1. List the number of the failed condition for G52; all other conditions in (1) at positive phi; (2) in contact with a His (Cβ under 8 Å, 6 or more places away or on another chain) hold.
2. Kindly provide the set of residues from the range 209-255 that are more than 21 Å from H267 (Cα to Cα) and open to solvent by less than 40 Å² (accessible area, probe 1.4 Å), ordered by number.
3. For A81, work out the one condition from (1) in contact with a helix residue (DSSP H, G or I) (Cβ under 8 Å, 6 or more places away or on another chain); (2) under 30 Å from F9 (Cβ atoms); (3) of a type outside the set (S, T, N, Q) it doesn't fulfil.
4. Out of curiosity, is E14 open to solvent by 80 Å² or more (accessible area, probe 1.4 Å), among the acidic types (D, E) and under 47 Å from the mean Cα position of the chain (by Cα)?
5. Any idea which residue in the range 56-85 is least open to solvent (accessible area, probe 1.4 Å), counting only those that are modelled with pLDDT of 90 or more and not in a helix (DSSP H, G or I)?
6. Return only the number of the condition from (1) more than 30 Å from Q139 (Cβ to Cβ); (2) surrounded by 13 or more Cβ atoms within 10 Å (Cβ to Cβ) that I88 does not satisfy.
7. Those residues that are open to solvent by 70 Å² or more (accessible area, probe 1.4 Å), within 48 Å of the chain's Cα centre (by Cα) and under 24 Å from Q79 (Cβ atoms), I need them from the range 17-55; list them, please.
8. So in the range 189-204, with the set limited to residues that are in contact with an Asp or Glu (Cβ under 9 Å, 6 or more places away or on another chain) and crowded, with 16+ Cβ neighbours inside 10 Å, which one is farthest from H148 (Cα to Cα)?
Amino acid sequence: MELRNINTFLHIAELHSFSRTARLLGYSQSAVSSQIAQLEAELGTPLFDRVGKTVRLTGAGEIFLGYARTLLSTAEQAQTALQPPQQISGVLRVALADSVCSTFLPELLQQYHARCPQVELVLCTASDHGMLQMLCTNQTDLAYTLDHPILQPNILRAVDVPEPVCFAAPAGHPLAGRKNIPLEELTRQEFLLTERGMSYRDALDQCFAARGLELHPYLELGSAALLCQMVEQGMGLSFLPEYILRPALAAGTLARLDVPECTVTMHRQLYYHRDKWLTPQMKVFIDLVRARVPESPAP
């Protein structure tokens with residue numbers, strides 16, 4: 001059964017005309033008639049009623065119509081699947097939060113470059129507010145941040161993962177292992193914190209302010225990864241995303257403090273502007289980030 005004959009059959013079924021089909025496909029009318037005759041001989045039944053100048057499907061033709069569409073569609077899909085993949089090229093601009101950079105970016109970039117070696121990546125760190133401005137002025141294609149959920153009608157979220165933020169201390173600190181540490185006791189500790197204006201730093205300050213308290217860190221620094229290292233070295237306490245602390249917690253060099261009065265969860269989000277055309281290079285980046293999202297535990 002030749003695909004050419006099936007294609008001709010589908011055109012006649014749509015146009016109700018052998019002559020119009022012949023003109024459209026560039027065949028002679030006799031060639032079209034021959035193709036249909038061959039198909040009918042293979043199927044053992046007439047597919048069209050030819051009464052005067054009208055052409056209509058027979059009952060068998062109606063049944064075969066659905067199969068013919070499936071056969072042709074499957075053949076086209078197979079042909080597409082066997083074509084060599086087109087190499088994605090161009091530029092991808094991504095704005096990122098510092099904490100996302102240090103934890104997720106190295107492996108992500110390695111995978112992305114392996115998939116899209118001809119794409120030029122332009123990366124920059126920015127504040128959460130700065131990322132929104134960059135998206136709205138088309139200065140960046142994607143924003144990858146840690147913040148409260150973005151609830152703006154012009155912003156589309158491709159990835160949204162809740163991420164807890166917690167207090168960390170060196171493993172040998174007197175507060176390590178204590179239960180129900182009050183916030184007031186933390187105000188008497190030495191802290192190293194991220195800069196004001198960062199999402200989880202602001203959430204921490206609001207938590208203390210709600211109880212009439214305030215933290216006075218002796219060091220403020222933009223790099224969450226560097227803060228984690230300094231806490232490991234015994235330089236003080238900090239408040240950082242759990243994913244930053246996870247390797248040190250597993251190694252036993254850091255301890256997570258139990259502070260039930262201050263429970264903060266931020267959202268690691270990858271988003272873009274709704275009016276932005278989703279380019280192939282953007283799609284690959286989104287797919288790679290989604291592939292790293294942990295599955296939700298079964299209920």
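The values are calculated or read from the model by the stated rules, or taken from the named source; none is laboratory data. No experiment lies behind these values; they were computed from the predicted model shown. No Cβ is skipped: glycine too gets one built from the backbone with ideal geometry, and neighbour counts run over all protein chains shown. These accessible areas exclude ligands, DNA and RNA; they are computed on the full protein's heavy atoms, side chains included. Shrake-Rupley method; radii C 1.70, N 1.55, O 1.52, S 1.80 Å.
1. That leaves (2) as the condition not met.
2. Within the range 209-255, L215, P217, M230, V231, G236, L237, A248, L254, A255 meet the criteria.
3. Condition not satisfied by A81: (1).
4. Criteria met by E14.
5. T58
6. Unmet condition: (1).
7. Selection gives L24, Y27.
8. Among those residues, the one meeting the criterion is L192.
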